[in-house]
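The values are calculated or read from the model by the stated rules, or taken from the named source; none is laboratory data. For clarity, every value in this text was computed on a predicted model and none was experimentally measured. FYI the Cβ positions are ideal-geometry reconstructions off the backbone, even for glycines, and counts take in every protein chain you see.
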Amino acid sequence: MSKINYFLFILCLFFLVIKIVAIRLTNFDLFGDEAQYWIWSQNLDFGYYSKPPLLSWTIALVCSIFGNSIFVIKMIPVFLYCLTSYIIYLLSKKLFNNNEFAFLTAVTFYLMPAVSFSSFLISTDIILVLFWSLSLLQLLIIKESPDKFNFILLGIFVGMAFLAKYAAVYFIFCLMLLFLEKEMKDIFLKHKLSFVYCILTFCLVVAPNILWNFNNNWTTFGHTVDNAALKRADPNLFEGLKFFISQIIMVGPLVFLFFVFGIFKNLKINFNIKFLLAFSLPIFFLILVESILVRANANWAAVSLISILILFVHVVFSISKKIIFINNIANLIFGFVFFFLIATNSTYGPFKKIDGISAFANSLLEQKADYINSFVVQDRMLFSNLSYIFQDNKIKMFTPYTPNTKINHHFQITNKLPANFNENFIFIGYADQLQYLKNKYTINLKDYKVVQFNNEPIKIYEVVF
């Protein structure tokens, strides 16, 4: 390892320590989605309203060993990204047989702004990216050694990616596209039985979640289709441009610029390049079209960034290693600033959504009369946060749900306020959401709070039967 690469490695270790210390020091609460995943982990199942189960299983495993603190939960993405970085090192080495290139690619991934940001946010993407990377690596292993065991491993990895997030279905489409490459197609055709084992293994891994969806009216699949929202198409090229720029920022602007500069001179089309293009461009363009027609979050194309990053670094590596070094230092500075803001409890940008939730929860407990031991919360995010914060209190949590209407989130399945409820409770939401209750009640406005984490003031009611 050269002195510069050794220096980069030390910086990465130092950055890992910075992440851990910053998360330890922060007073931030969980984001609403994170709290929701934790709640799911307390009631293990083969599926949930909006997501497959693997993330919740992971949280349950980690928290059963180390406890349920925010620090423990936030450590999951921090260390999973370390593991994914190593897998990307192996993947890059397998592709181009160059240790230095593989090391620089892994470091570039670890220091990407997207990874720095996502290291503080536990989400389904962290596990999806992990098993997607393992699946890509396994494909290359099959190319070298197409035995039954390697095909079975591929089925397991793709199945686990699917249990992390349904975006893993892109892998199947990308693999079909790769079959246009004769070398890979011949391997799968020559080992048909092994390929069947792969498919059967995949089906076995995902079967419990498919069965859960079948028994729950295809709830998660329906939610995924609603997210696509193609029926509400309203083309907007500006939204597409925003998505495109977000992907550049997520990878790192400098490495992108030099990739564009060197793509025609330094990119020779061979199997490795076709492999990377097959597992990146189709996904990227599909989500780009989605962003133009309806909308698309920056992370929706997260899996495509694995191959895109390796391709970018490959081209820039052939131009100058110093550019990669400078790009990594720039990304590292972004990471340092980001985790400094976390350590100092900054209220800028996305941190507004988690500023002051614990203080709000404590004020609710102070206002709660002794004859009340239930909270009814309309907003899914706030319900999740309060459920996590009140985990050690003997407080029952409900959310309003008018019978025979569309279910909008998981807690309207598991924690719906029954129509015949007759115990006094604190209600946070809009009063008209309680009209379906059958028993007579009086509702009194107790407080009207302007809070940092919510776009609108929060109304707090006391409901007495």
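Data table
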| item | result |
| --- | --- |
| Neighbours by Cβ (under 6 Å, 6+ apart or cross-chain): first from segment 269-281, assigned by TED's automatic domain parsing to the domain that holds residue 184; second in a helix (DSSP H, G or I) and among the polar types (S, T, N, Q) | 276/307; 279/307; 280/304; 280/307 |
| Candidates 408, 415, 455, 404 - the one that is on the phi < 0 side of the Ramachandran plot and either over 31 Å from the mean Cα position of the chain (by Cα) or free of Cβ contacts under 8 Å to residues at least 12 places away in the same chain (or both) | 455 |
| Residues satisfying the stated conditions in segment 185-197, i.e. within 30 Å of the chain's Cα centre (by Cα) and closer than 15 Å to residue 140 by Cα | 195 |
| Residues satisfying the stated conditions in segment 289-315, i.e. under 16 Å from residue 111 (Cα atoms) and among the aliphatic types (A, V, I, L, M) | 302, 305, 306, 308, 309, 310, 313 |
| Checking residue 64 against (1) polar (S, T, N, Q); (2) in contact with a Leu (Cβ under 6 Å, 6 or more places away or on another chain); (3) without any contact (Cβ under 8 Å) to a residue 12 or more places away in the chain, the condition it does not meet | (2) |
| Answer residue from segment 353-372, given it is β-branched (Val, Ile, Thr) and farther than 22 Å from residue 444 by Cα and is surrounded by the most Cβ atoms within 10 Å (Cβ to Cβ) among those | 357 |
| Check on residue 134, closer than 16 Å to residue 311 by Cβ, touching a Phe, Trp or Tyr at 6+ places or on another chain (Cβ under 9 Å) and either outside the structural domain of residue 318 (by TED's automatic domain parsing) or of a type outside the set (Ser, Thr, Tyr) (or both) | no |
| Out of 386, 382, 417, 437, sole residue that is buried (at least 17 other Cβ atoms within 10 Å of the Cβ) and more than 24 Å from residue 357 (Cα to Cα) | 437 |
| Selected residue (criterion: surrounded by the most Cβ atoms within 10 Å (Cβ to Cβ)) from residues of segment 51-74 that are part of a helix (DSSP H, G or I) and touching a Phe, Trp or Tyr at 6+ places or on another chain (Cβ under 8 Å) | 55 |
| Exclusive hit being among the hydrophobic types (A, V, I, L, M, F, W, C), in contact (Cβ under 8 Å) with a residue 60 or more places away in the chain, in contact with a Cys (Cβ under 9 Å, 6 or more places away or on another chain) and farther than 20 Å from residue 251 by Cβ, set 55, 30, 16, 25 | 16 |
| Failed item in (1) over 30 Å from residue 37 (Cα atoms); (2) within 29 Å of the chain's Cα centre (by Cα); (3) modelled with pLDDT of 95 or more, with residue 163 passing the rest | (1) |
| Residue, modelled with the lowest pLDDT, within segment 309-348, restricted to residues that are over 30 Å from residue 133 (Cα atoms) and of a type in the set (Gly, Ala, Ser) | 346 |
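A quick yes/no check of all residues on (1) in contact with a Gly (Cβ under 9 Å, 6 or more places away or on another chain); (2) under 26 Å from residue 50 (Cα atoms); (3) assigned by TED's automatic domain parsing to the domain that holds residue 425:
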| residue | (1), (2), (3) |
| --- | --- |
| 362 | no, no, yes |
| 367 | no, no, yes |
| 370 | no, no, yes |
| 374 | no, yes, yes |
| 383 | yes, yes, yes |
| 386 | no, yes, yes |
| 389 | no, yes, yes |
| 396 | no, yes, yes |
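Residue-by-condition table, conditions (1) in contact with a helix residue (DSSP H, G or I) (Cβ under 6 Å, 6 or more places away or on another chain); (2) within 28 Å of residue 218 (Cβ to Cβ); (3) of a type outside the set (A, V, I, L, M):
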{"position": "333", "(1), (2), (3)": "no, no, no"}
{"position": "339", "(1), (2), (3)": "yes, no, yes"}
{"position": "349", "(1), (2), (3)": "no, no, yes"}
{"position": "356", "(1), (2), (3)": "no, no, yes"}
{"position": "362", "(1), (2), (3)": "no, no, yes"}
{"position": "369", "(1), (2), (3)": "no, no, no"}
{"position": "378", "(1), (2), (3)": "yes, yes, yes"}
{"position": "382", "(1), (2), (3)": "no, yes, no"}
{"position": "391", "(1), (2), (3)": "no, no, yes"}
